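Engineer: Supplied in structure tokens, the structure appears directly below.
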2 protein chains.
Amino acid sequence: MANITKKVSWSSRADESGAAGEGTPLLNGSEQPKLSRQDSLRGRPKEIPHNEKLLSLKYESLDYDNIENQLFLEEERRMSYMGFRCLEISRWVVCGLIGFLTGLIACMIDIVVEELAGIKYQVVKENIEKFTEVGGLSISLILWAVLNSVFVMLGAIIVAFFEPIAAGSGIPQIKCYLNGVKIPRVVRLKTLLVKVCGVICSVVGGLAVGKEGPMIHSGAVVAAGVSQGRSTSLKRDFKIFEYFRRDTEKRDFVSAGAAAGVSAAFGAPVGGVLFSLEEGASFWNQMLTWRIFFASMISTFTLNFFLSIYHNNPGDLSNPGLINFGRFENERVAYNLYEIPLFIAMGAIGGLLGALFNVLNYWLTIFRIRYVHRPCLQVMEAMLVAAVTATVSFTMIYFSNDCQPLGPEHTEEYPLQLFCADGEYNSMATAFFNTPERSVRSLFHNQPGTYNPLTLGLFTLTYFFLACWTYGLAVSAGVFIPSLLIGAAWGRLCGILLASITSNGSIWADPGKYALIGAAAQLGGIVRMTLSLTVIMVEATGNVTYGLPIMLVLMTAKIVGDYFVEGLYDIHIKLQSVPFLHWEAPATSHWLTAREVMSSPVTCLNRIEKVGTIVDVLSNTSTNHNGFPVVAQVAGSDEPAKLCGLILRSQLIVLLKHKVFVELARSRLTQRKLQLKDFRDAYPRFPPIQSIHVSQDERECMMDLTEFMNATPYTVPQETSLPRVFKLFRALGLRHLVVVDDENRVVGLVTRKDLARYHLGKHGLEELQLAQT
Amino acid sequence: MANITKKVSWSSRADESGAAGEGTPLLNGSEQPKLSRQDSLRGRPKEIPHNEKLLSLKYESLDYDNIENQLFLEEERRMSYMGFRCLEISRWVVCGLIGFLTGLIACMIDIVVEELAGIKYQVVKENIEKFTEVGGLSISLILWAVLNSVFVMLGAIIVAFFEPIAAGSGIPQIKCYLNGVKIPRVVRLKTLLVKVCGVICSVVGGLAVGKEGPMIHSGAVVAAGVSQGRSTSLKRDFKIFEYFRRDTEKRDFVSAGAAAGVSAAFGAPVGGVLFSLEEGASFWNQMLTWRIFFASMISTFTLNFFLSIYHNNPGDLSNPGLINFGRFENERVAYNLYEIPLFIAMGAIGGLLGALFNVLNYWLTIFRIRYVHRPCLQVMEAMLVAAVTATVSFTMIYFSNDCQPLGPEHTEEYPLQLFCADGEYNSMATAFFNTPERSVRSLFHNQPGTYNPLTLGLFTLTYFFLACWTYGLAVSAGVFIPSLLIGAAWGRLCGILLASITSNGSIWADPGKYALIGAAAQLGGIVRMTLSLTVIMVEATGNVTYGLPIMLVLMTAKIVGDYFVEGLYDIHIKLQSVPFLHWEAPATSHWLTAREVMSSPVTCLNRIEKVGTIVDVLSNTSTNHNGFPVVAQVAGSDEPAKLCGLILRSQLIVLLKHKVFVELARSRLTQRKLQLKDFRDAYPRFPPIQSIHVSQDERECMMDLTEFMNATPYTVPQETSLPRVFKLFRALGLRHLVVVDDENRVVGLVTRKDLARYHLGKHGLEELQLAQT
């Protein structure tokens, strides 16, 4: 039998806990402490400690279902077939633009990072070389640490003080956005600027981070901006693409932008499409897929083209991504059947190490939420990490005695001689004294014997903890490259060890192959994507031969990792208490019905409602409803009111702002005609109700909602099982689902939080608490 | 303004045209001529000539929405969390099995074709060599033509006489299945057997066909069989996987099977997943994607493993597909920016040629439907094509004087010397005297200069018409390889011409590159897939460098081709008058509402209904409804009945068969308890109503439908716009959608045919006719 560990009678709860779930951050005036009834009953403290058993009330939903009101339908009906064709073409144009701009941004980041990192490493190298002879390398260490800290400080300051949402890779935020959760400020221009500058600073600052993850977020912001044809931040409206000013269209473009970001980051256009698919496939269709593909293609092409000019090789289109794993030659990539079990074992190791990484990072994040939430502390932590990274790297290099001969075709950009003989270089330094992208490449491609096992082992160990400490800092940076680097290091180690324990070493001769498998295993163990990651890895290596082993490894890593803990992104989503809807309802939730999960009673409005009532309902800070069923009272009859539509807070706000009132006893004709354009102009930052002044006279007027409400909202009967409600909600991207009785009267309302509340825990079905965090 | 060219008042039409759309082929007794009212009014002939403006009534829908009745919910509620875990594991096991068996079948086909074709070509080659010297090559021609005709005759006989559904590639049928249309007999064991034998015969028979398309169908049949844990044809029930005996689960497995088929055919596991995605993404979710991926992976692995043993190279896993384009070496694959316009131009050529191919094939198919519908005629046509193919090939080879030196490392399997000097071979023969797969490979990889332009031009021309004539014959065979071959030939021709017109020929030195682009362009122009085809091509070439140009080429080919005519598969789906639901409702359909598209009046049943009434309703051959809304009359009241559920014909049949009656005035307790298992055992071949005997006494009994009906069917109000209805229907995979008024009373029913009827033609929105074809 399914059992629920904590079951309260939700159907009887009052408004403040249930429907209030749709609290809007716009209503900033209403931020007095609100406690749900349960919490106040149990005498909980006002500040609820963060844990993953909470759902925050601060997140709104997005409307991924078109609001089909009369205005919308009239517009659609007026539009000719040619009009729709033009719209379709402009969608393609927008996608092309998104791809182009995303590629350009990636290119810009890459060039700036290369140049700055080049200067930094050159300065430090010269300094080290100077002091190696005369002694006093501690000065070099200090120089290195200070340089790193300064860069990281800059990056952390803009993130912590100006736009905290730009911290991290941004992938969890984009996942939430595509899922239908409105994360405030996530797709704003300012976020993009901070993100781009932040990622440059943190990579140049030598942190154990990559610049690839943030590209996904950047692409999404570009998409959200370009597709709207205006910038609210810059107060410029280009009067184009007005049709796309709604959540549904915007979401489609954002998924294209995310795909373009992946594509630019890894040179993986198909991988980009699959990434968007894995994260938001519930709204998929063929034309959209093709547009997303087009954006990805343009993005990687743009990046490649401009980088080829930068590298003085114009027109050479063989380096399509920010990171390039280098080409694996065909004769080297052959693998044999008996290697497959080895690959699977490495996948399992990757899963274990990934789970360890995630658990450590989870504790660290909890610690940070509790104790490191002030911006100045965050900046200091980031600087500390930067200094520690430099120190640890320096120490490792200093004490390493792994000297390798400097070949004539050496690929190291900044070979450090240190205490090695002339014509040799320090091998540990190639791993630490380099941008992480270059280190990954050398681990994949350097000749066998370039690294000795001890170097690799120590490097893996230190880099693992550094990367784990780094992820979650208030800097914008990704976890892809550090994961690949850790994996490549221990993977290469495995290859070397295998070669040493077998007498006939010929088949194990290439540790680069094992480095690739290890990288895949480690990355898969941490982020737990399989399909898109396989394709990304295959596209980045430029060779499909490894497709099969990479798949096997990623699957193994996922299965092993999932046994212990969720993926890194999911952990961070949970820790932020986001009401994230998974693909399916929890398996054992069939015995719950709409009656039990819905919020009730529901605040309904009449089809022709008094302005005063509407203002009062909207101003009621203890409920903060965002959607209101509209009901029709049969005139002169005593029968209960029937559902006839659904209207949103944002629509009512626009109506109030434009004073679309009918005075009593006047005909509807005098009402000011509102256009769809008025709603689009207000999108997406609708003013709060407090900013709208309604006089006492106006309060007595009436408002006719008929034209503006969605006259055909989706409804379910009360007996509908939770999985069925969930499927409807998820498949159609709903925000509000009206529950009716068999007379079509409103009995409740299901919102995202009502569904996201149930999840499968260790002891069966569990219910999360709603809280105002 | 949107305009409809032909608008009739559908809401007022009588049952025979609207709801009768759900006619079931099971009711074979009811096949007296039925004319829709319109047709009879216009005095149309009984046999309506085939054209694409019809929708056939013979196709049923599948139930891709779970029937959540009490029995189902009780079972789900009884199941523990561990139960769901076990189910999930068995889904993975089934997917693994599907992949394994699909790979095995592919392997078997490949080996048999290789062996038989080897024998054939050896015999013919020896004969030709014998007669080249003594004269009388016409005997060789006759030998070749007769050998081909015999093989093709065998293949055509089993298809035409035993299982016509096995004709062609099967891809259109699988597209329809995933879309939710029940194509009779499409996933039966017999179909699989005929398909496999048929494809072997047609490939060995030297037709211009490939063995890759049929693999997709074979994979789907394997999936449908394995997942049900029994074979109805063999009358064996293994009593496993009983949970999966419903349309929803079966569809998921079939999409995995189709993906496994693609994967085995092209060695493209990711391409397989994307193929399933492009064809049926409306039901996508993450876990399913991963399972499909797993099936694909296992399939390509199995094929690769067994083929490596067959090729005496066990454990070498580098040839993962039936067709292998051969590895493109890295130094050869570089391309430059200025080549991109050339690629795009080639894409446009591919689009044009593809459109020409499709138009010719369309006319041919119309001709075949009208005049070549008798099995013996079909067999004769197939034999004619085989003989003509052999003759044309022979003539081309005979008159060709393109002699090439036979290098020491020649890759030709059957080099024909003919009239060439010793140590030379006839170049035309490498294209014709070979399996198409090998020809493609030589066009891609042979050294520059291997073919002269005239040879390639003539080959393209003849093969184009041969392939066009061949597709649609009553043999089971695919169009992928012929398309690739045509494209590779003219692509290589382009490469050679480009090299000759530029003085500095170095960069054009490799015509193989252009052959690849041409192949992509031609295939894209014919089948019009973009995303999955890009990935398939990339995976089959084993190198991602060409990803970008292939994408561009496929997109161009699609855009150019779509301007003239639809893709080949869509043409064939249309010609079969299948009620196929596209991704979105036609753009200009917003002014249609549920009221206009629904069928009404609807035959409703009471919650407790007289057996006689039910039998009469089911036996009514003039309606053939498949779904019945169940209504509840409020006892002792005069109010109209409210909707309280939905029950299917198949469920009623099972209830009648098990005689689940309550005698009048008895309590419900005496009713025999029916299990979900009884419904599952009857699935999917429910007996016709005529086979169930109900005595006169039993007719007076009552049936209580409460437990068996779906108590929470999805409903929409009458004012819902068509796109909104469409979205709900498509997103949830519905079969029946009940239209209710604002008192929750049934006013109509929307089925697949009501929605598929509207499409965008040249003159705006058009309405298709429903016909009993």
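The values are calculated or read from the model by the stated rules, or taken from the named source; none is laboratory data. Owing to the predicted nature of the structure, the values given are computational and were not obtained by experimental measurement. When we count neighbours, we look across all protein chains shown, and the Cβ atoms used for this are built from the backbone with ideal geometry, even at glycine. Only protein heavy atoms, including side chains, enter the accessible area calculation; ligands, DNA and RNA are left aside. Shrake-Rupley method; radii C 1.70, N 1.55, O 1.52, S 1.80 Å.
Engineer: Has segment B:193-203 got at least one residue that is in a loop (DSSP other than H, G, I, E, B), in contact with a helix residue (DSSP H, G or I) (Cβ under 9 Å, 6 or more places away or on another chain) and among the polar types (S, T, N, Q)?
Structural biologist: no
Engineer: Hey, could you check segment A:583-626 for residues that are over 22 Å from A:Leu652 (Cβ atoms) and of a type in the set (Gly, Ala, Ser) and say which is farthest from the other protein chains (Cβ to nearest Cβ)?
Structural biologist: Step by step, filter segment A:583-626, then rank; the result is A:Ala585.
Engineer: Something else now. With respect to A:Val560, is the statement that it is within 30 Å of A:Gly198 (Cα to Cα) and β-branched (Val, Ile, Thr) true?
Structural biologist: no
Engineer: Shifting gears a bit: Suppose we keep only residues that are farther than 27 Å from B:Leu484 by Cα and of a type in the set (Lys, Arg) within segment B:188-244. Which one would you say is farthest from the chain's Cα centre (by Cα)?
Structural biologist: B:Lys239
Engineer: What pairs come up if the first residue lies in segment A:304-315 and is under 23 Å from A:Val262 (Cβ atoms), the second is open to solvent by 10 Å² or more (accessible area, probe 1.4 Å) and among the hydroxyl-bearing types (Ser, Thr, Tyr), and their beta carbons are under 9 Å apart, counting only those six or more places apart or on different chains?
Structural biologist: A:Asn304/A:Ser318; A:Ser308/A:Ser318
Engineer: Within segment A:73-81, can one find any residue that is open to solvent by less than 10 Å² (accessible area, probe 1.4 Å), in a helix (DSSP H, G or I) and within 9 Å of another protein chain (Cβ to nearest Cβ)?
Structural biologist: Yes; the residues of segment A:73-81 include at least one that is open to solvent by less than 10 Å² (accessible area, probe 1.4 Å), in a helix (DSSP H, G or I) and within 9 Å of another protein chain (Cβ to nearest Cβ).
Residue-by-condition table, conditions (1) open to solvent by 20 Å² or more (accessible area, probe 1.4 Å); (2) under 21 Å from A:Asn179 (Cα atoms):
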{"position": "A:Ala208", "(1), (2)": "no, no"}
{"position": "A:Thr232", "(1), (2)": "yes, no"}
{"position": "A:Lys235", "(1), (2)": "yes, no"}
{"position": "A:Phe238", "(1), (2)": "yes, no"}
{"position": "A:Gln286", "(1), (2)": "yes, yes"}
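Engineer: On the given criteria, is A:Lys190 modelled with pLDDT of 90 or more, open to solvent by less than 10 Å² (accessible area, probe 1.4 Å) and outside any loop (DSSP other than H, G, I, E, B)?
Structural biologist: no
Engineer: Of everything in segment A:232-263, what is touching a Phe, Trp or Tyr at 6+ places or on another chain (Cβ under 9 Å) and part of a loop (DSSP other than H, G, I, E, B)? Give them in sequence order.
Structural biologist: Of everything in segment A:232-263, those that are touching a Phe, Trp or Tyr at 6+ places or on another chain (Cβ under 9 Å) and part of a loop (DSSP other than H, G, I, E, B) turn out to be A:Arg245, A:Arg246.
Engineer: Does B:Asn401 meet the test of being assigned to a loop (DSSP other than H, G, I, E, B) and of a type outside the set (Asp, Glu)?
Structural biologist: It is true that B:Asn401 is assigned to a loop (DSSP other than H, G, I, E, B) and of a type outside the set (Asp, Glu).
Engineer: Among the numbered conditions (1) open to solvent by 20 Å² or more (accessible area, probe 1.4 Å); (2) under 25 Å from A:Ile292 (Cβ atoms), tell me where B:Glu596 comes up short.
Structural biologist: For B:Glu596, the failing item is (2).
Engineer: Please find, within segment A:299-321, the residue that is farthest from the other protein chains (Cβ to nearest Cβ) out of those that are buried (at least 20 other Cβ atoms within 10 Å of the Cβ) and at pLDDT below 75.
Structural biologist: It comes out as A:Gly321.
Engineer: Please verify whether segment A:392-400 includes one or more residues that are open to solvent by less than 10 Å² (accessible area, probe 1.4 Å) and at pLDDT 90 or above.
Structural biologist: The answer is no; no qualifying residue exists.
Engineer: Could you figure out which of (1) farther than 30 Å from A:Val222 by Cα; (2) without any contact (Cβ under 8 Å) to a residue 12 or more places away in the chain; (3) loosely packed, with under 15 Cβ neighbours inside 10 Å isn't true of A:Ile139?
Structural biologist: Condition (2) is where A:Ile139 drops out.
Engineer: Condition (residue is open to solvent by 10 Å² or more (accessible area, probe 1.4 Å), within 14 Å of another protein chain (Cβ to nearest Cβ), without any contact (Cβ under 8 Å) to a residue 40 or more places away in the chain and closer than 30 Å to A:Ser296 by Cα) applied to segment B:539-556: is it met by at least one residue?
Structural biologist: yes
Engineer: For segment A:692-724, name all the residues that are of a type in the set (Ser, Thr, Tyr), more than 23 Å from A:Lys642 (Cβ to Cβ) and surrounded by 21 or more Cβ atoms within 10 Å (Cβ to Cβ).
Structural biologist: A:Ser721
Engineer: Which ones in segment B:171-212 are within 26 Å of B:Ser393 (Cβ to Cβ) and hydroxyl-bearing (Ser, Thr, Tyr)?
Structural biologist: Within segment B:171-212, just B:Ser202 meets the criteria.
Engineer: Separate question: Please indicate, with yes or no, whether at least one residue in segment A:269-282 is on the phi < 0 side of the Ramachandran plot, open to solvent by 10 Å² or more (accessible area, probe 1.4 Å), more than 7 Å from chain B (Cβ to nearest Cβ) and at pLDDT below 80.
Structural biologist: yes
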